[in-house]
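Reading through the structure tokens given below for one structure.
The values are calculated or read from the model by the stated rules, or taken from the named source; none is laboratory data. Not measured: the values here are computed from a predicted model. Here the Cβ positions follow ideal geometry from the backbone for every residue, glycine too, while neighbour counts run over all protein chains shown. Note: areas computed on protein heavy atoms with side chains; ligands, DNA, RNA excluded. Shrake-Rupley method; radii C 1.70, N 1.55, O 1.52, S 1.80 Å.
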Amino acid sequence: MQVEQEKIFLSVSVGLLILLAGVLLMTNMNPEVRAAGAKGVPAPGGQGWHLLDPITYENLTIFPVISAQPADTSDFSTLDEALASGDAVVTEQGDYLRRTREGAAQTMPPRVGAQVNQLVLVNRGKRPLILLAGEVVSGGKQDRIIGKDRIVPMGAPPLPLDVFCVEHGRWTGGSDKFAGAKMMAHPSVREKAAVEQDQSQVWAAVRGQASMSSNMENNPNNRVAVGAPAPPAKLNSRSLDTVIASEAPTQSYKQIYESRAVGSSVENFAEQIQRRFDRATSGLKGERVVGVVVAFGGEVAWSDAFASSQLFEIYWPKLLRSYVIEALTRHATRENASLDDARDFLHPATGHFREETEPGVYRWRESNSGKVAQIELEALAPKPMTLHWLKVLRAN
């Protein structure tokens, strides 16, 4: 009897050990399970993400998002590089004529001249082209920003491209062709384009939010120590009016933020963040930065993440400056967002959902829940992957 009991006990023990070993093996193989530890979060596109400690300067906090499994995105081209190389052409709306290799003429369906909220894009390159909402294209009759994330396949016919104007006072121009401005609209403007899809709100955000106060000058509670980096110069609404009158009379987004007064504040601020960012990410082993979560003061408000570190590195310089511009428009605060706040923000949004698909090319999804909006751009070829993931705390 005792021998039989010992056999049963041994059999049960072996079974439990096998079960435990299976659970441990699955945990090690599944990045999303493994990422559920102290800093882990579930991630779209099957990529295991986690966060590094915050990087803070003034009222801007950046949380790097890192992954041990970044995808290969070398099959795709970005708008700035395609425009610079001539692989992409953007022109005003109208009859766009292009020549095929055989010399035959092809024309888009007739349109009525140039239009504020639509341009024409042709991808002449050998790679699909990524467009992100908020990217600035400069030229034509007005500067514009891209209205929505999407992918333009190679060899596609001329594409009517939805855009928003970010230059209120001009409707003239020499060449109809546009160039990449290597700029990204700051979050307050970008949200109105990507989420609200409203031209009047885009204009209001360009003009209204551009009163850049660093909230440091003449504030005794925010004095910096001797030898510390100088705070950004204050730019209140009055000095901004002077900038616009002298350097950007058409209220051009690009000209405003490249002006001497505004540009120096942005560059000084960005340099301080970049130094801290480089130090924080220099020791990574086996993982790469693929995105960021962004907080202004104590409020986590934004996140941009990508399928690969290569894509992130391409977009990072203009994304960083867009976050800085946003920080300069916001009030000073002693509060800073925590790692837990950023981790919570990365969890996928739920709620009202809509989707648009171009078969075999890309899928665009938007989820809205209360004040939070989430947008995903998924490439369907050459293999499915979430190229860009955007999450926004809406202003209203």
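If you stretched the chain out fully between Arg394 and Leu380, how much longer would it get, using 0.36 nm times the residue separation minus the C-alpha to C-alpha distance? Write down the numbers at each step before the final one.
On the way: separation 14, 0.36 × 14 = 5.04 nm, distance 2.84 nm.
Difference between extended and current length: 2.2 nm.
On a per residue basis, segment 313-370 carries 50 Å² of accessible surface, using protein heavy atoms and a 1.4 Å probe. Placing dummy labels 7 Å off each Cα toward the beta-carbon, the span from Lys371 to Ala84 is 3.8 nm. For segment 339-390, the share of accessible area belonging to carbon and sulfur comes to 51 percent (1.4 Å probe, ligands and nucleic acids excluded).
A straight chain from Ser338 to Asp162 at 0.36 nm per residue would run longer than the Cα-Cα distance by 59.7 nm.
Note the full-extension length gain between Met154 and Ala179 as 0.36 nm times their separation in residues minus their Cα-Cα distance, in nm to one decimal. List each step's numbers first, then the result.
On the way: separation 25, 0.36 × 25 = 9.00 nm, distance 1.92 nm.
Full-extension gain reported as 7.1 nm.
May I ask which of Lys177/Lys383; Lys126/Lys177; Lys141/Lys192; Lys148/Lys383; Lys192/Lys383 have a Cα-Cα span longer than 24 Å here? From the list (Lys177/Lys383; Lys126/Lys177; Lys141/Lys192; Lys148/Lys383; Lys192/Lys383), the Cα-Cα distance tops 24 Å for Lys177/Lys383; Lys192/Lys383. So if we plug the beta-carbon distance of Glu355 and Thr56 into 1/(1 + (r/R0)^6) with R0 = 35 Å, what FRET efficiency do we get, rounded to 0.05? So the FRET efficiency works out to roughly 0.45.
For Ala88, nonlocal amide neighbours, meaning residues 5 or more places apart or on other chains whose placed amide H falls under 5 Å from its own, are Leu83, Arg124. Close amide H partners of Lys177, meaning residues 5 or more places away or on another chain with modelled amide H under 5 Å apart, are Gly140.
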